[in-house]
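Report on one structure; see the data block that follows.
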Amino acid sequence: MTQPRVLVGVGGTGGWQALAWAVAYTSGINGRLTVCHVLPDDPGLDNSDRVPLTRVEIIHPGLARAVAGARDRLGGHRVAVAIRGGDPAVALADLARDADLLVIEPPRRPVASSTAYRLVERPPCPVALIRPVPDGRAAPFAGHVVVGVDSDPGSIAALEFGFAYAATFRLPLAAAHVTERQQVDYWFDETLLETSFAVEPAALELLAVEVEPWSHKYPSVPVKRAVFAGAPVDGLLRAATGARVLVVGTAGTAGSPSGAVAGRVLAHAAGPVVLVPAGKEHGKEQRP
């Protein structure tokens, strides 16, 4: 069986945090990690997909130390180094076409020209944007994997990734649907069979239909189904307070409704976010 492949881009101010997250994720899924460093000022450097560590020490000593640490954690045979020249977004997208996850730092500023924004406009695979987990110990889903759910095909991809992540790292999952038709937030705990609202609304039925197949596939994952009131982005960010990761599906284009939501979540989320394009969940686009 082929090992999952994770690609992490490093080099910016948040690159080392992205690398630490990628190493932990790769360890959990028993995958292989490629550490990519792009030199924008050297467009002639290309096709350097397995660079010896001795050369990395000359180009970027700090990167060499980080790669050595990753190899200590994962084993040398599971960590490769790729050094590319030119446009970072183009280089990372090219390397990530066969990857199961691309891990990058978030943009320093919410501008469309940033590497992160350009990558998530047409993501070559699921993309993780790594920020520190926010303090939200009193939040209802602190420490959970929060997945944004609606009837869009991107939700299938997001649920697949979210359930697999929760099962791998033994975390509870909260499936969150946001609607402007409600005035208050509420959720249903499938483990305790408790609800925070007296009447079960119609929106919970949508969540039940979307989530149930994945609950059967990953029976070890504790699940909460939540409905948040308000605009989609505001509701998702509220649900993700204190979460280990927020997973959002996207149609893969900035002009689509789900693409616009994904872009705004990327700009405003306080913690780690994984954006999963429709059809990119382990090579399929259907429920289990």
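On the protein heavy atoms, probe 1.4 angstrom, tell me the percent of accessible surface of the stretch 78-183 carried by carbon and sulfur. Walk me through the numbers on the way to the answer.
Values: 1930 of 4270 Å².
Here carbon and sulfur together make up 45 percent of the probe-accessible area.
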If each K or R counts +1 and each D or E counts -1, the residues other than His268 whose Cβ falls under 12 Å of its Cβ total +2
A student applying the Cα gyration tensor rule (rounded when a/c is under 1.5; otherwise prolate if a/b is larger than b/c, oblate if not) would label the stretch 66-111 prolate
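Net charge around Ala24, counting only other residues with Cβ within less than 14 Å of its Cβ (Lys, Arg = +1; Asp, Glu = -1)?
Values: positive: Arg73, Arg78, Arg170, Arg244; negative: Asp72.
Within the 14 Å Cβ shell, the charges total +3.
The values are calculated or read from the model by the stated rules, or taken from the named source; none is laboratory data. Quick caveat, the model's predicted, so the values are computed rather than measured. Cβ atoms come from the backbone with ideal geometry, glycine included; neighbour counts cover every protein chain shown. Protein only, heavy atoms only, side chains kept; ligands, DNA and RNA dropped before computing areas. Shrake-Rupley method; radii C 1.70, N 1.55, O 1.52, S 1.80 Å.
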